[in-house]
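Enquirer: First the structure, then my questions, so here it is.
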Amino acid sequence: MKEMTYGNVRNAFSGESQAYVRYMLYSEVAEDEGFKNVSLLFDAVVFAEKIHARNLLEISPDGVEASTAPMHSGIGDTETNLDKAIHGEEFETNEMYPSYYEVAKSQEESEAMRIFNWAMRAEKEHAKLYKIARDKVEKGQDIEINLINVCSRCGYTIDEKPPEKCPICGAPQTKFKEFSQN
Ligand code: FE2
Ligand code: FE2
Ligand code: FE2
């Protein structure tokens with residue numbers, strides 16, 4: 001793997017790992033604040049970020065070291081946590097993954113292109129779901145979403161039953177992991 005793409009894979013791995021831990025902590029805060037479904041949403045996206053981290057690690061030739069992905073400091077209340085989460089997802093969707101993708105493309109790194117693209121499209125859904133949550137929590141309400149499915153191949157996340165085929169990576173329905181209150 002060429003150096004610049006490799007650096008980007010490492011950065012992305014670092015960012016995904018941080019998101020994984022951060023969302024676990026945010027989930028606990030939401031639970032404590034009585035937002036059970038927001039907590040469930042965080043749990044589902046935790047799983048999605050683990051998939052992203054795994055995919056990046058799998059294509060990384062020499063193992064992955066800690067790196068310099070952007071970091072959001074501190075744990076706030078759920079509303080603040082959702083704001084930070086939205087910012088992170090939008091950064092990944094609009095800036096990080098598109099530029100990493102272009103570098104990988106110019107370096108003809110097709111595996112990295114695929115993994116960056118998958119993650120980018122999943123992050124877009126995360127931002128959307130977190131925005132729904134933020135708008136509710138702002139008013140002191142929990143979200144109505146209590147069923148979430150995550151593709152275990154690409155991290156695609158939806159607030160409904162799993163589709164026949166994942167629209168991002170084409171994985172079959174059986175590859176989806178369900179998160180529900182029951
Ligand atoms: Fe991710
Ligand atoms: Fe995400
Ligand atoms: Fe998928």
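Enquirer: Which value in deg cm²/dmol, rounded to the nearest 500, describes the helix-derived mean residue ellipticity at 222 nm for the chain, given -39,500 (n - 2.57) per DSSP H run of n ≥ 4 and division by the residue count?
Expert: Value at 222 nm, helices only: -20000 deg cm²/dmol.
Enquirer: To continue, here is another question. What number of lysine-lysine pairs in the chain show an alpha-carbon separation below 14 angstrom, given a sequence spacing of 8 or more or placement on distinct chains?
Expert: For the chain, the number of qualifying lysine pairs is 11.
Enquirer: Extending each Cα 7 Å along its Cβ direction at Leu147 and Thr80, get the distance between those two points in nm, one decimal.
Expert: The modelled label-to-label distance comes out at 3.6 nm.
Enquirer: Simple spin-label model, 7 Å along Cα-to-Cβ: Lys128 to Glu108 in nm?
Expert: About 3.6 nm, to one decimal.
Enquirer: Quick check: convex hull over the Cα atoms of the chain, volume per residue in Å³, rounded to an integer?
Expert: Residue-normalised Cα hull volume stands at 101 Å³.
Enquirer: Taking only Cα atoms and a 10 Å spring cutoff, compute GNM fluctuations for the chain and point out the largest among Val150, Val38, Val103.
Expert: Val103
Enquirer: Let me ask something else. Quick one: check the C-alpha center-to-center distance for region 1-59 versus region 110-178, whole angstrom.
Expert: 12 Å
Enquirer: Express the accessible area of the chain per residue in Å², computed with a 1.4 Å probe while the remaining protein chains stay in the model.
Expert: I get 49 Å² per residue for this part.
Enquirer: If I compute solvent accessible area with a 1.4 Å probe over the protein chains, what percent of it on the chain is carbon and sulfur?
Expert: Carbon and sulfur atoms account for 48 percent of the accessible area of the chain.
Enquirer: Within 10 Å, count the other beta carbons around each residue, average over each peptide in 77-88, 114-125, and list them highest first.
Expert: Final packing ranking: 114-125, 77-88.
Enquirer: Using a Förster radius of 30 Å, what is the FRET efficiency between Ser99 and Ser180 based on their Cβ-Cβ separation? Nearest 0.05, please.
Expert: 0.25
The values are calculated or read from the model by the stated rules, or taken from the named source; none is laboratory data. Just so it is clear, the structure is predicted and the values come from calculations on it, not from any experiment. Every residue, glycine as well, gets a Cβ built from its backbone with ideal geometry; the counts of neighbours run over all protein chains shown. For the accessible areas, the whole protein counts, side chains as well, though only heavy atoms, and no ligand, DNA or RNA atoms are used. Shrake-Rupley method; radii C 1.70, N 1.55, O 1.52, S 1.80 Å.
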